[in-house]
Amino acid sequence: MLAPQVPQTASNEGVIEAAKAALGASVLDVKDHVGEVTLTVARDAVVEVCRTLRDTPGLEYQQLMEIAGVDYPERAERFEVNYHLLSLTQNRRVRVKVLTDEVTPVPSITSLWPVAGWLEREVFDLYGVTFAGNADLRRILTDYGFEGFPLRKDFPLTGHTEMRYSEAEKRVVYEPVSLPQDFRTFDFLTPWEGPEYRLPGDEKAEPQAAGAASPAPASGEAPKVVAAPAKDAGKREPPYAGDNEERARKGAKEADAEASKSNEAKAQSEVSKPSDTPDPKPKGGANRRRPGGGTA
């Protein structure tokens, strides 16, 4: 059974002003898009920013929901680290964003929310972003010895190594990627576009000009002339419907008369009907011979 009313997120009215007043120069940019507030803050100040958003009355973003990474290779600081916070008392959400590159670490917020240790490990595993102060920064989703960071835009589709089980060694082994078939490029014409070549002898190779005469038949072949059918050839006189109507009325009267008879009359009429079944032949005839001779 569905809930009678879906809970709604509270309005973000006044959140941006309150956040700017509380965070000061740490805020680099603010956006309010489709009801979501995003605060871009200085990387080195992210711990203090999150603490202020959590402990300031009126803001009260007590819960860390997620840490997500985004890769923009064309930027100097190609990675975005996004912290999604939830206020349980105000029923509001906010996104805190910091920027970094491949070598500059981001301060860990595990001192504020211990659960951030798991989330920071995911970002490190998939993007290679390091977090200073995380006591257990190691891979969490990929396999041991995995090479590269799979959610970076420059990570190859094949990966750097492949893993298989070796029957000879009775264990899992890592090998360089070996593709028996190259990637298909799918760079070809569709059937609707048609090929650019022309088949030899194809009469449709050269399109016929508008208004040109039909091509002449092959030599020695007389053109076939098909006579047009007469206009009234396919028309036939419809049968007279009166005969069918008369037979239908007669049959209906006979059916009504048969239905009105009593059961005894029906049985009597069945008995009085002549039978078409031939009389059975007697088993013994007058001229039947006896085994000893003579007739019966």
Could you give me the residue pairs with C-beta distances under 7 Å whose first residue belongs to the range 156-179 and is in a loop (DSSP other than H, G, I, E, B), whose second residue is among the hydroxyl-bearing types (Ser, Thr, Tyr) and surrounded by 10 or more Cβ atoms within 10 Å (Cβ to Cβ) wherever it lies, and which are 6+ apart or on separate chains?
Val177/Thr158; Val177/Thr161; Leu179/Thr158
So, first residue within 13 Å of Arg95 (Cα to Cα) in the range 19-45, second residue exposed (fewer than 15 other Cβ atoms within 10 Å of the Cβ) and small (Gly, Ala, Ser), Cβ within less than 9 Å, six or more apart or across chains; the pairs are Gly35/Ser11
Note: among Ala210, Ala205, Ala168, just one is of a type outside the set (Lys, Arg) and at pLDDT 80 or above, namely Ala168
Quick check on the range 75-85. Is at least one of its residues touching a strand residue (DSSP E or B) at 6+ places or on another chain (Cβ under 8 Å) and more than 26 Å from Phe131 (Cα to Cα)?
no
Checking Ala10, Ala21 in turn, the sole residue that is out of contact with any helix residue (DSSP H, G or I) (no Cβ under 6 Å at 6 or more places or on another chain) and either in a helix (DSSP H, G or I) or modelled with pLDDT of 95 or more (or both) turns out to be Ala21
Return the only residue of Thr130, Thr142 being modelled with pLDDT of 95 or more and not acidic (Asp, Glu).
Thr130
Arg92 fails exactly one of the following numbered conditions: (1) surrounded by fewer than 16 Cβ atoms within 10 Å (Cβ to Cβ); (2) under 22 Å from Gly24 (Cβ atoms). What is the number of that condition?
(1)
Mind telling me which of the residues Ala135, Ala116 ends up being under 29 Å from His33 (Cβ atoms), in contact (Cβ under 8 Å) with a residue 12 or more places away in the chain, small (Gly, Ala, Ser) and in contact with a Ser or Thr (Cβ under 9 Å, 6 or more places away or on another chain)?
Ala116
Out of contact with any Cys (no Cβ under 7 Å at 6 or more places or on another chain), surrounded by fewer than 18 Cβ atoms within 10 Å (Cβ to Cβ) and hydrophobic (A, V, I, L, M, F, W, C): is that true of Leu157 in this structure?
yes
Only one residue in Glu120, Glu77 is out of contact with any Gly (no Cβ under 9 Å at 6 or more places or on another chain), at negative phi and part of a loop (DSSP other than H, G, I, E, B). Which one?
Glu77
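The values are calculated or read from the model by the stated rules, or taken from the named source; none is laboratory data. From a predicted model like this one, the values you see are computed outputs, not experimental measurements. So basically every Cβ, Gly included, is an ideal-geometry build from the backbone, and we count neighbours across all protein chains shown.
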